[in-house]
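Take a look at the structure below.
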Amino acid sequence: AKLHQLAKSQGKLYFGTATDNPELTDTAYDAILDDGMMFGQITPGNSMKWDATEPEQGVFSWTGADQIVNLAQQNGQILRGHNCVWYNQLPSWVSSGNFTAAQLTSIIQNHCSTLVGHYQGQIYSWDVVNEPFNDDGTWRQDVFYDTLGTSYVSIALKAARSADPNAKLYINEYNIEYAGPKATALLSLVQTLQSQSVPLDGIGFQCHFILGEVPTDLQTQLSTFAAQGVEVAITELDIRMTLPSTPALLQQQKTDYQNVIAACMGVEACVGMTIWDWTDKYSWVPSTFSGQGAACPWDENLVRKPAYDGIAIGLGN
Ligand code: G3I
C-alpha cells in the first residue's frame, strides 16, 4: 500500500511531503508527487515565505504559491501553509528593522492576514510562527523580537485566526523533539498563549534528524505538548547521513524512519507526518551540510530506499 493510504487506514489525517516550484518541471518527479494515495498532503517548501509573497511592502505575489495550491487541489491533497512569520527568507525591507513597534505590528498583521486570507478555506494548517527560539531556550533575536518582544507571536496568531477561522494555527520548531531548554521554552509559551486566550491549535515538530540520532523521547515530547490540548504534527522529516551511503547506513535509516513514524502513530493528537521532500534529488540537505545527504526515502533516481519500508512499517504495515 502507499504511504498516505496507510496513514489514513490507521486513523491519521495525512502522510505528506514538501515540494518546491522548480522541481515541478520534472515530469518523472510529478508522477509520484501527484499520487494522492502516496502523499495526501503538500507543503510548499519556499513559495509561501515572506520573500516570495510580499517582496516589496504591500506588493503581494502569489505565482509560486498558487501553483502548488492548485496542484494539490487537483490531486485531492490537503495543504499545510508555510509560513507567516520567520526570521529567514525575509525581504530586506522587513529585516532592515527600520520600523517602530506600531509600524511593525501593522506590517505583521497585514502580511499574515493577506497571506492567510488569500487561501482562506483552502489550507488545513498554517505555520504561523516558525522557529521563534534559540536552542538554549532564549528568544531568537530577530527583527520581530527586537522590535516587539514576544508580542509578535500573538499579533501574528490573531491576524491569522481572523483571516481564516477554520485553519489550524501552528508554531513550528526544531530541536524540540527531545527534552531540553528549547522544548521547555516552547511549552511555556504554549501555556502563556493559552492563558491569554491567544488562538493556537498545534505545534509542528520539524524532525530534521541525523542518522542514528533520532531522539528516543520523541513520542514523549509529542505527548507532552498534546497534553496541553494542542494537536501536534511531524512537519519536515528527513534523516541525513555522511555520504556516501552504504547498505548498512540505509538499514539504519530505515530503522530511524520507522521510529519517527511510530512515535507519531503512538500519539492520538499527532495528526500527520510530512517529509521535507521525498527524493534525494531535491533535498535541501547537501547544499546546507557539506558532505551530508541521502536524507529522503527515495534516492536521486526516484527509486524507493529501505527508508520507504521503514515508514510503511511505522505506519502499521
Ligand atoms: O530564490 C533564489 C534564487 O533566485 C537564487 O538564484 C538561488 C541561488 O542560490 O537561491 C534561491 O534561493 C534559495 C531558496 O531556497 C529557494 O530555492 C536559497 O538560496 C536557499 O537557501 C533556500 O533554501 C531553503 C531554506 O529553507 C532556506 O532557509 C530550502 O529550499 C528549504 O527547503 C528550507 O526549508 C526550511 C524550512 O522552511 C524551515 N525549517 C528548516 C527547513 C530546512 O532548512
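Okay, here's what the table says:
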{"read-out": "Meets criteria (over 30 Å from SER106 (Cβ atoms), among the hydrophobic types (A, V, I, L, M, F, W, C) and open to solvent by 20 Å² or more (accessible area, probe 1.4 Å)) for ALA7", "value": "no"}
{"read-out": "Hits in the range 213-263 - residues which are polar (S, T, N, Q), assigned to a helix (DSSP H, G or I) and either modelled with pLDDT under 95 or more than 19 Å from GLY293 (Cβ to Cβ) (or both)", "value": "GLN219, THR220, GLN221, SER223, THR224, GLN258, ASN259"}
{"read-out": "Boolean, ASN21 is over 18 Å from VAL116 (Cβ atoms) and surrounded by fewer than 17 Cβ atoms within 10 Å (Cβ to Cβ)", "value": "no"}
{"read-out": "Hits in the range 95-122 (condition: within 16 Å of the ligand (Cβ to nearest atom) and either of a type in the set (S, T, N, Q) or open to solvent by 10 Å² or more (accessible area, probe 1.4 Å) (or both))", "value": "SER95"}
{"read-out": "Residue check, VAL69 away from the ligand (no atom under 13 Å from the Cβ), part of a helix (DSSP H, G or I) and within 25 Å of PHE205 (Cβ to Cβ)", "value": "yes"}
{"read-out": "From ALA179, ALA160, ALA185, ALA156, residue being modelled with pLDDT of 95 or more, in contact with a His (Cβ under 9 Å, 6 or more places away or on another chain) and not in a strand (DSSP E or B)", "value": "ALA156"}
{"read-out": "Single match in THR43, THR27 (criterion: β-branched (Val, Ile, Thr) and surrounded by fewer than 19 Cβ atoms within 10 Å (Cβ to Cβ))", "value": "THR27"}
{"read-out": "From GLY97, GLY76, residue being more than 17 Å from the chain's Cα centre (by Cα) and under 22 Å from TYR14 (Cβ atoms)", "value": "GLY76"}
{"read-out": "Breaking point among (1) open to solvent by 10 Å² or more (accessible area, probe 1.4 Å); (2) under 22 Å from ASP127 (Cβ atoms), for ILE32", "value": "(2)"}
{"read-out": "Filter result for the condition that a residue is within 13 Å of the ligand (Cβ to nearest atom), at pLDDT 95 or above and not hydrophobic (A, V, I, L, M, F, W, C), over GLY76, GLY36, GLY45", "value": "GLY45"}
{"read-out": "Filtered residues of the range 296-317 (kept if in a loop (DSSP other than H, G, I, E, B) and either touching a residue at least 60 places away in the same chain (Cβ under 8 Å) or touching a His at 6+ places or on another chain (Cβ under 6 Å) (or both))", "value": "LEU302, LEU315, GLY316, ASN317"}
{"read-out": "Residues within the range 79-94 that are out of contact with any strand residue (DSSP E or B) (no Cβ under 9 Å at 6 or more places or on another chain), open to solvent by less than 10 Å² (accessible area, probe 1.4 Å) and within 13 Å of the ligand (Cβ to nearest atom), tallied", "value": "0"}
{"read-out": "Residue list for the range 261-293, restricted to those being more than 16 Å from the ligand (Cβ to nearest atom) and either among the hydrophobic types (A, V, I, L, M, F, W, C) or buried (at least 17 other Cβ atoms within 10 Å of the Cβ) (or both)", "value": "ILE261, ALA262, ALA263, CYS264, MET265, VAL267, ALA269, CYS270, VAL271, GLY272"}
{"read-out": "Among (1) within 16 Å of the ligand (Cβ to nearest atom); (2) without any contact (Cβ under 8 Å) to a residue 60 or more places away in the chain; (3) part of a strand (DSSP E or B); (4) not polar (S, T, N, Q), the one test that LEU169 misses", "value": "(1)"}
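The values are calculated or read from the model by the stated rules, or taken from the named source; none is laboratory data. Note that this is a predicted model, so its numbers are computed, not measured. Cβ sites come from the backbone with ideal geometry, for glycine too, and all protein chains shown count toward neighbours. These area figures cover heavy atoms from the full protein model, side chains too; ligands, DNA and RNA do not enter into them. Shrake-Rupley method; radii C 1.70, N 1.55, O 1.52, S 1.80 Å.
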